[in-house]
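Shown next, in structure tokens, is the structure this report addresses.
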Amino acid sequence: MRAVVVNEFGGPENVEVVETEVPEPGAREIRIKVAAASLNPVDAGVRAGVFGGAGKRIGLGWDVAGTVDAVGVASSWSVGDEVVALDYGMVKPLGTHAEYVVVDTDAAALAPATVDSVRAATLPLNALTASQALDRLELAPGDALLVTGAAGAVGAYAVQLAAHRGISVTGLAREGDEAFVRSLGAGGFIGGAVAGRDFDAVLDAAVLGEPALAAVRDGGRYIGVIPQTEPASVRGVRTGAVEVSADGARLAELVRLVDEGVLTTRVAETFALEDAAKAHARLDGGGVRGRLVLVP
């Protein structure tokens, strides 16, 4: 099969498509024939060596939508099931940017019925990150939440999920994104710098750090989306960062919200698998709204 890897760290030119063996599922694993797999900023970080692994061949890709085509022992899935899954891992020999991928049984959920595989592939990493970050904030209905990067992939899911939970959401994004952010359910919008400590919590999807922390009231909560990059606690504000984990049960809930129209998926552009380097160059160019998706 074909798979996207890096053998040396660097820019998009270091992304390679190689021929490799089709992986076999072990106990409590399934193999998915990949229909679509989205490209995320974490893939660019892996490609650049941010997470280590020098000297190894590293596979790229975390999100996948496709069809179960083989199952290991003790799997609850059947061949032919249409699924989405998160294949977590910074340094791994194969990722989801391939024709086949093996994932843990409990990392998968039935695919949405209302969107195609390309759109479904944008859900696992970003929506799980948003959902798990909100869990860490332990907000109640009516609490005031600021979401930075509210027009981005994680931020947009966070706004929609928080609004669905009855939380009072304000989105911070570029001025031109106000209509979009409000359409997600944000009751407030900030298009510039944050002033005042008006929020019970902030979900810092834009990785602003201390400027975002400054928007939180004394004793409030801050959650970032990159582990070990959160600012130090001040004024009694509890700070932390979410490290996303595969969770098929939670992913199934998110799929249900897609099918109910609560969550919207966004695709910026699709690329053939052999054009993975071009997709990385497009991502590095910035200004992408929605996800870039590789289609084998």
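A few remarks follow.
- Index of the failed condition, Asp200 passing every other in (1) free of Cβ contacts under 8 Å to residues at least 12 places away in the same chain; (2) in a strand (DSSP E or B): (1)
- Number of positions in the range 249-267 that are among the aliphatic types (A, V, I, L, M) and open to solvent by 50 Å² or more (accessible area, probe 1.4 Å): 1
- Checking each residue in the range 66-94 for being in contact with a Leu (Cβ under 8 Å, 6 or more places away or on another chain), buried (at least 20 other Cβ atoms within 10 Å of the Cβ) and within 15 Å of Lys33 (Cβ to Cβ) picks out Val83, Val84, Ala85.
- Only residues that are assigned to a loop (DSSP other than H, G, I, E, B), farther than 15 Å from Val255 by Cβ and not polar (S, T, N, Q) were counted in the range 59-109, giving 19.
- Here the condition is being touching a helix residue (DSSP H, G or I) at 6+ places or on another chain (Cβ under 7 Å), in a loop (DSSP other than H, G, I, E, B) and modelled with pLDDT under 95; of Val207, Val194, it holds for Val194 alone.
- All told, Ala156 meets the bar of being under 23 Å from Asp63 (Cα atoms) and either surrounded by fewer than 24 Cβ atoms within 10 Å (Cβ to Cβ) or not β-branched (Val, Ile, Thr) (or both).
- Of all residues making up the range 220-255, the number that are within 17 Å of the chain's Cα centre (by Cα) and not polar (S, T, N, Q): 19
- For the residues Gly185, Gly142, Gly176, the requirement of being farther than 20 Å from Ala268 by Cβ, surrounded by fewer than 16 Cβ atoms within 10 Å (Cβ to Cβ) and more than 16 Å from the chain's Cα centre (by Cα) singles out Gly142.
- Flag if Ala133 is assigned to a helix (DSSP H, G or I) and not basic (Lys, Arg): yes
- Residue in the range 231-248 that is open to solvent by 60 Å² or more (accessible area, probe 1.4 Å) and closer than 24 Å to Met90 by Cα present: yes
- Pick from the range 23-52, criterion out of contact with any helix residue (DSSP H, G or I) (no Cβ under 8 Å at 6 or more places or on another chain) and within 22 Å of Val118 (Cα to Cα), ranking: most open to solvent (accessible area, probe 1.4 Å): Lys33
The values are calculated or read from the model by the stated rules, or taken from the named source; none is laboratory data. Not measured: the values here are computed from a predicted model. Note that each Cβ is placed from the backbone with ideal geometry, even for glycine, and that neighbours are counted across all protein chains shown. Just the protein is used for accessible areas: all its heavy atoms, side chains included, with ligands, DNA and RNA removed. Shrake-Rupley method; radii C 1.70, N 1.55, O 1.52, S 1.80 Å.
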